[in-house]
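> Attaching a single structure in structure tokens format; questions to follow.
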Ligand SMILES: [Zn+2]
């Protein structure tokens, strides 16, 4: 089969669609800025994480060809994909460069304390709202559960390889080493007296500062009035200089450093974890940031870097500056490709708690939404368009999943006409994905084929598996579970309380006590289950 091109991707830093290239095409390095674990991740967060996951899956797919020094590279290929867990609180006011506002873990602690008081916290939750580590682990665990349910490949890998999802709190020594290195090289400076020292990055020492976001140092200086408080600015050489370390012995989370007991700035953590886990050179695998070796001046250190579009400035701009200044001679872009999916809208408007259109993945799972349908709804729009999440869209996706499953379970005999339309689908799917990951067009190719596929064969099922390896949807469809008394619909997990009620209902019916039987049916409905008696004596259980 032939498709025309190596993978082309929009690169935020060049603002053009470029051929994607990797230092070592057989092992692509990819870093994604992960969640701050002080609350549950919402579906907008997951839209961004899942877009990165689809990119990663496509790069690993046998359908994907990428550029390499020796021409095209068709695999086999793996992607080492790392995502950090930000479990250091950091401040609520990003505009103040991480120095003002309230620590996010303290905010979460207050929210948890209030929920505890009003009985809104699940009974089995036993966390101390005053302990930021307990709060971070609580939300990290929930994030990982949600991410696994949505098929985020790296969350599944992280179960057996913790280095794939490193925690900021476990990398503070690396941050301190890099901050020291930046000071030694003249890219950072310390201000303030002992007790209130601050380390800032010196943006004027990195001429390319602003290249990613389109900012210039002059424009940032001119705009300083509205953005940053005077007290905060007085000590800085340039208003865009950003925090690397803040001494604050009274802070909720703190560590010892050469600049006193305090906490790191937010940006520095990603440099440490990306370099520490991903930076490789020929014949040399991950270096320790504590080893402090240099790369070729201006050379990219990793292949791919992603984050939400709100990460472009200041977070990724700062990450590029400090990474290049620490390791590649104050030149370069740190990553070859910068990948930024756009925001998610909900029913056409920006998601907000006050509008009542704010959803976490968990909220939707609790309403009985199948992870496969949610994943499809979140990945099916081009990553550089604002996806519009709607309840109708979710229903459409659930139906699409059902139609796809019929083909994926195909076992009929193959024939030449079926082979032709299958091959056409694969070529169209691959062509769409090679052109800046056009998932919407790739899905259209699948749907055209699925509607013509009246008696799916084993070969059709295999072709489906190939494209679903990229989209990652059907692998999330759970098999239906059957117990002695119940036949659970796909996606409904067996529940001992439901089982007990069904047994009681069976006994009531045997005694012809239909009033009791109806009461049990109502009780199940109150728990969100619909039941239907089946001919063999089992009861079908669905989510309402
Ligand atoms: Zn980051």
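> Limited to segment 379-396, what total is found for residues that are assigned to a helix (DSSP H, G or I) and either free of Cβ contacts under 8 Å to residues at least 24 places away in the same chain or within 18 Å of residue 429 (Cα to Cα) (or both)? Lay out the reasoning, then the answer.
Looking only at segment 379-396, we keep the residues that are assigned to a helix (DSSP H, G or I), and these are 379, 391-396.
Among the residues that remain, those that are also either free of Cβ contacts under 8 Å to residues at least 24 places away in the same chain or within 18 Å of residue 429 (Cα to Cα) (or both) are: 379, 392-393, 395-396.
Here the count works out to 5.
> Any idea which of (1) surrounded by 24 or more Cβ atoms within 10 Å (Cβ to Cβ); (2) at positive phi is the one residue 85 doesn't satisfy?
(2)
> Moving on. Look at segment 450-482 and say how many of its residues are surrounded by 21 or more Cβ atoms within 10 Å (Cβ to Cβ) and farther than 19 Å from residue 54 by Cβ.
3
Yes/no matrix, rows are residues, columns are (1) closer than 17 Å to residue 183 by Cβ; (2) in contact with a helix residue (DSSP H, G or I) (Cβ under 6 Å, 6 or more places away or on another chain); (3) within 16 Å of the ligand (Cβ to nearest atom); (4) modelled with pLDDT under 95:
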residue: 228; (1), (2), (3), (4): no, no, no, yes
residue: 251; (1), (2), (3), (4): no, no, no, yes
residue: 257; (1), (2), (3), (4): yes, yes, no, no
residue: 260; (1), (2), (3), (4): yes, no, no, no
residue: 283; (1), (2), (3), (4): no, no, no, yes
residue: 293; (1), (2), (3), (4): no, no, no, yes
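> When both residues are 6+ apart or on different chains and their Cβ atoms are under 6 Å apart, which pairs have a first residue that lies in segment 525-539 and is free of Cβ contacts under 8 Å to residues at least 24 places away in the same chain, and a second that is not in a strand (DSSP E or B)?
530/544
> For the condition more than 13 Å from the ligand (Cβ to nearest atom), assigned to a helix (DSSP H, G or I) and at pLDDT 90 or above, what is the one hit in 364, 345, 304? Steps first, please.
Values: 345 fails: assigned to a helix (DSSP H, G or I); 304 fails: assigned to a helix (DSSP H, G or I).
So the residue among 364, 345, 304 that is more than 13 Å from the ligand (Cβ to nearest atom), assigned to a helix (DSSP H, G or I) and at pLDDT 90 or above is 364.
> May I ask you to list the residues in segment 519-530 that are over 18 Å from residue 366 (Cα atoms) and surrounded by 11 or more Cβ atoms within 10 Å (Cβ to Cβ)? Let's see the steps before the verdict.
Filtering segment 519-530 for residues over 18 Å from residue 366 (Cα atoms) gives 519-522.
Across segment 519-530, the qualifying residues are 519, 520, 521.
> So which residues in segment 307-320 are within 12 Å of the ligand (Cβ to nearest atom) and closer than 22 Å to residue 217 by Cβ? Walk me through it before giving the result.
First pass over segment 307-320, keeping only residues within 12 Å of the ligand (Cβ to nearest atom): 307-308, 310-312, 314-320.
Of everything in segment 307-320, those that are within 12 Å of the ligand (Cβ to nearest atom) and closer than 22 Å to residue 217 by Cβ turn out to be 310, 311, 312, 314, 315, 316, 317, 318, 319, 320.
> Next up: So, in segment 147-187, of the ones that are more than 14 Å from the chain's Cα centre (by Cα) and without any contact (Cβ under 8 Å) to a residue 60 or more places away in the chain, which residue ends up surrounded by the most Cβ atoms within 10 Å (Cβ to Cβ)?
Filtering segment 147-187 for residues that are more than 14 Å from the chain's Cα centre (by Cα) and without any contact (Cβ under 8 Å) to a residue 60 or more places away in the chain, the one surrounded by the most Cβ atoms within 10 Å (Cβ to Cβ) comes out as 183.
> Where in segment 19-93 are the strands (runs of 3 or more DSSP E), entirely inside, with at least 3 residues that are within 25 Å of residue 384 (Cα to Cα) and within 16 Å of the ligand (Cβ to nearest atom)? Spell out the reasoning first.
Values: elements: 27-32, 66-68, 71-73, 78-83, 91-93.
The qualifying strands (runs of 3 or more DSSP E) are 27-32, 78-83.
> Can you go through 323, 333 and tell me which one is within 16 Å of the ligand (Cβ to nearest atom), touching a residue at least 12 places away in the same chain (Cβ under 8 Å), in a loop (DSSP other than H, G, I, E, B) and farther than 29 Å from residue 388 by Cβ? Walk me through it before giving the result.
Numbers: 323 fails: in a loop (DSSP other than H, G, I, E, B).
Of the residues listed, the single one that is within 16 Å of the ligand (Cβ to nearest atom), touching a residue at least 12 places away in the same chain (Cβ under 8 Å), in a loop (DSSP other than H, G, I, E, B) and farther than 29 Å from residue 388 by Cβ is 333.
> Just checking, does segment 483-498 include any residue being assigned to a helix (DSSP H, G or I), at pLDDT below 95, surrounded by 20 or more Cβ atoms within 10 Å (Cβ to Cβ) and touching a strand residue (DSSP E or B) at 6+ places or on another chain (Cβ under 9 Å)?
Here is the first cut: in segment 483-498, the ones assigned to a helix (DSSP H, G or I) are 496-498.
If we keep only those that are at pLDDT below 95 too, we end up with 496-498.
Restricting the remaining residues to those that are surrounded by 20 or more Cβ atoms within 10 Å (Cβ to Cβ) gives 498.
Filter once more, keeping what is touching a strand residue (DSSP E or B) at 6+ places or on another chain (Cβ under 9 Å): 498.
So far as segment 483-498 goes, yes, one or more of its residues are assigned to a helix (DSSP H, G or I), at pLDDT below 95, surrounded by 20 or more Cβ atoms within 10 Å (Cβ to Cβ) and touching a strand residue (DSSP E or B) at 6+ places or on another chain (Cβ under 9 Å).
> Please work out which residue is nearest to residue 444 (Cα to Cα), limiting yourself to segment 367-378 and to residues that are part of a loop (DSSP other than H, G, I, E, B) and touching a helix residue (DSSP H, G or I) at 6+ places or on another chain (Cβ under 9 Å).
Kept after step one, since they are part of a loop (DSSP other than H, G, I, E, B), are these residues of segment 367-378: 367-370.
Of the ones still in play, those that are also touching a helix residue (DSSP H, G or I) at 6+ places or on another chain (Cβ under 9 Å) are 369-370.
Values: 369: 23, 370: 22 Å.
Out of the qualifying residues, it is 370.
> Which condition from (1) touching a helix residue (DSSP H, G or I) at 6+ places or on another chain (Cβ under 7 Å); (2) closer than 25 Å to residue 340 by Cβ; (3) assigned to a helix (DSSP H, G or I) is the one that residue 440 breaks?
(1)
> Of all residues in segment 499-517 being in contact with a helix residue (DSSP H, G or I) (Cβ under 7 Å, 6 or more places away or on another chain) and surrounded by fewer than 17 Cβ atoms within 10 Å (Cβ to Cβ), which is nearest to residue 401 (Cα to Cα)? Explain how you work it out, then say what you get.
Start the filter on segment 499-517 by keeping residues that are in contact with a helix residue (DSSP H, G or I) (Cβ under 7 Å, 6 or more places away or on another chain), which leaves 501, 504-505, 508-509, 516-517.
Next cut, surrounded by fewer than 17 Cβ atoms within 10 Å (Cβ to Cβ) only: 504, 509, 516.
Numbers: 504: 35, 509: 37, 516: 38 Å.
That would be 504.
> Now for a separate question. Provide a single number: the residues in segment 3-18 that are in contact with a helix residue (DSSP H, G or I) (Cβ under 9 Å, 6 or more places away or on another chain) and either within 16 Å of the ligand (Cβ to nearest atom) or part of a strand (DSSP E or B) (or both).
Within segment 3-18, the first condition is being in contact with a helix residue (DSSP H, G or I) (Cβ under 9 Å, 6 or more places away or on another chain), and the residues that meet it are 3-9, 12-13.
This time we only want the ones that are either within 16 Å of the ligand (Cβ to nearest atom) or part of a strand (DSSP E or B) (or both), so: 8-9, 12-13.
The number of residues fulfilling the criteria is 4.
The values are calculated or read from the model by the stated rules, or taken from the named source; none is laboratory data. Being a predicted model, the structure only gives us computed values, none of them experimental. In this analysis, Cβ positions are derived from the backbone assuming ideal geometry, glycine residues included, and neighbour counts consider all displayed protein chains.
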